[in-house]
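Working notes, structure below.
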Amino acid sequence: MNEKLSIAIDVNGKRYERSIDPRTLLSDFLRHDLGLTGTHVGCEHGICGSCTVLLEGDPVRACLTFAAQVDGKRVETVESLAPDGKLSPLQNAFWENQGLQCGFCTPGILMSMQAFLAENPHPTRAEVREALSGNLCRCTGYHDIVDSVMAAAAAMRA
Amino acid sequence: MKPAPFAYHRADNLAHAATLLAEHGDDAKLLAGGQSLIAAMNFRLARPRVLIDISNVVERNRVTEEAAGVRISAPTVQRHAERHSAVRSRLPVLAHAIEHIAHFQIRNKGTVGGSIANADPASELPAMSLLLDAELEVTSAGGSERIAAEDLFITYMTTALQPDQVLASILFRAPPAGHGWGFHEIARRAGDFAMAGAAAVLARDANGACNYARVVLFGLAPTPVRAKAAEASLSGHALSADALATAAGLVGEVVDPETDVHVTEAYRRQVAPVLALRALTDAARGAGALS
């Protein structure tokens, strides 16, 4: 029952090999085993979206994924957006438009929007709101977040 | 909010999963996308002693067009199915319904077969399997069998699948050419579980008479249900607004809702025919009627 499992995962372009308990959630693996605390843990049942990371390029809930399932795969976390400490266009748009608010939900929103904007570089505000529906902000108000995503889309098209 | 310990086995393919299931018996659960199972495990509402991981089997994301419709391998992620050209062209109602499942982040991992086998009465894919006369291919260490979707759902979260059986693929049958479809659900917020929903498919013959009708309700009974009385009332008749209203009025016979934290039983009884009429009206228009 408590047998350890060896896994190798590519996170943000770096390969990590670890021995884990099979019940380790990907969110806990990233935070505790790898020290990548940018991935936040909110509800732990897939509702709030703050733990969203990219798995093979697609946004998924790290809290509804076992690290064991990701063996041999590629994961990107919020830390991948600014590898040299320089904000990405998406991050910069959030900074300029007050899109962070308290900042707790931001890493998940950034990872969701990173994938959304790659697929839809010319979104309408309505499409942005729909795309944001899987990420909850409890500061109240998505207005600045929508502004941030629209500004990011414009900056990324330029 | 952390899962209880379990033994982990990774299946290379579905036959391997069936062998592992036979070996571990009732202690084992299949882990596909895990978007319902892992949430239940985090709450410790589910504490399987053994997990057999089928999320990376070779059969994943196989969508193939057949004469009768589109076959989707059970471990196909919902987002893959939703975007597949064969699904969008031959089963537009299915693509539309999948878009209503939670959020794209969940659909990137949740599977078509997992949702059907989970048999949540409020979820979209079990309802679609009824609407599209689906046939399920099921495999076990003893061999394969085929089960009609109509025979699959027993009650809440309970199917006719045996503990040693693995759902391998689902054949969603394409309705007749020229059919129209409708799909309506009510949820408080985009992506939430539906409090109630209805879907319909209609087709007409050369004289404009209805020669194909399917009406399915979900979130309104312990399983998704077909409203056969409503279907029969339309058969052979012109798809007039009156005929559709009469049909929608007949769905109450199969509705058996409950009160929960979201809405009351009475509310669900009231919206069932309303949603059915919206779905039927869209379907009739799509089939060229009501113009």
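The values are calculated or read from the model by the stated rules, or taken from the named source; none is laboratory data. Quantities reported herein were computed from a predicted structural model and do not represent experimental measurements. We place every Cβ from the backbone using ideal geometry, glycine too, and count neighbours over all the protein chains shown. These accessible areas exclude ligands, DNA and RNA; they are computed on the full protein's heavy atoms, side chains included. Shrake-Rupley method; radii C 1.70, N 1.55, O 1.52, S 1.80 Å.
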Checklist outcome for this item: Taking the range B:42-72 and keeping only residues that are assigned to a strand (DSSP E or B) and either under 21 Å from B:H16 (Cβ atoms) or open to solvent by 10 Å² or more (accessible area, probe 1.4 Å) (or both), one is left with B:V50, B:L51, B:I52, B:D53, B:V63, B:T64, B:E65, B:R71, B:I72
Checklist outcome for this item: Screening A:T52, A:T65 for residues that are within 13 Å of chain B (Cβ to nearest Cβ), touching a Pro at 6+ places or on another chain (Cβ under 7 Å) and closer than 24 Å to B:G34 by Cβ leaves only A:T52
Checklist entry - If a residue has to be within 14 Å of another protein chain (Cβ to nearest Cβ), touching a strand residue (DSSP E or B) at 6+ places or on another chain (Cβ under 6 Å) and not aromatic (F, W, Y) to count, how many in the range B:1-16 make the cut? => result 4
Checklist outcome for this item: Of the candidates B:A199, B:A206, the one satisfying the condition of being buried (at least 20 other Cβ atoms within 10 Å of the Cβ) and among the hydrophobic types (A, V, I, L, M, F, W, C) is B:A199
Checklist entry - So which residues in the range B:91-110 are open to solvent by 10 Å² or more (accessible area, probe 1.4 Å) and not basic (K, R)? => result B:P92, B:H96, B:E99, B:H100, B:I101, B:A102, B:H103, B:F104, B:I106, B:N108
Next on the checklist: Can you find, within the range B:25-41, the residue that is nearest to the chain's Cα centre (by Cα) among those that are assigned to a helix (DSSP H, G or I) and within 13 Å of chain A (Cβ to nearest Cβ)?
Outcome noted: B:L37
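Quick check on my filter: what residues within the range A:140-158 are aliphatic (A, V, I, L, M) and either under 16 Å from A:L81 (Cα atoms) or assigned to a helix (DSSP H, G or I) (or both)? If you could, list the steps in order and put the result at the bottom.
Within the range A:140-158, the first condition is being aliphatic (A, V, I, L, M), and the residues that meet it are A:145-146, A:149-156, A:158.
Passing the criteria: A:I145, A:V146, A:V149, A:M150, A:A151, A:A152, A:A153, A:A154, A:A155, A:M156.
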Item to check | Filter result for B:E265 (open to solvent by 60 Å² or more (accessible area, probe 1.4 Å) and touching a residue at least 12 places away in the same chain (Cβ under 8 Å)) | outcome: no
Item to check | Listing of strands (runs of 3 or more DSSP E) fully contained in the range B:97-176 that carry 3 or more residues being hydrophobic (A, V, I, L, M, F, W, C) and more than 14 Å from chain A (Cβ to nearest Cβ) | outcome: B:166-173
Checklist outcome for this item: Those residues of the range A:38-82 which are over 10 Å from the mean Cα position of the chain (by Cα), outside any helix (DSSP H, G or I) and under 12 Å from A:G108 (Cα atoms) amount to A:V41, A:G42, A:G46, A:I47, A:C48
Next on the checklist: Restricting to the range A:89-139, give me the number of residues that are within 11 Å of chain B (Cβ to nearest Cβ), out of contact with any strand residue (DSSP E or B) (no Cβ under 9 Å at 6 or more places or on another chain), part of a helix (DSSP H, G or I) and open to solvent by less than 40 Å² (accessible area, probe 1.4 Å).
Outcome noted: 2
Next on the checklist: Whether any residue in the range A:72-82 is open to solvent by less than 40 Å² (accessible area, probe 1.4 Å) and at the interface with chain B (Cβ under 9 Å from one of its Cβ atoms) is what I want to check.
Outcome noted: no
Checklist entry - Considering the range B:42-70 alone, what residues qualify as being among the hydroxyl-bearing types (S, T, Y) and away from every other protein chain (no Cβ under 11 Å)? => result B:T64
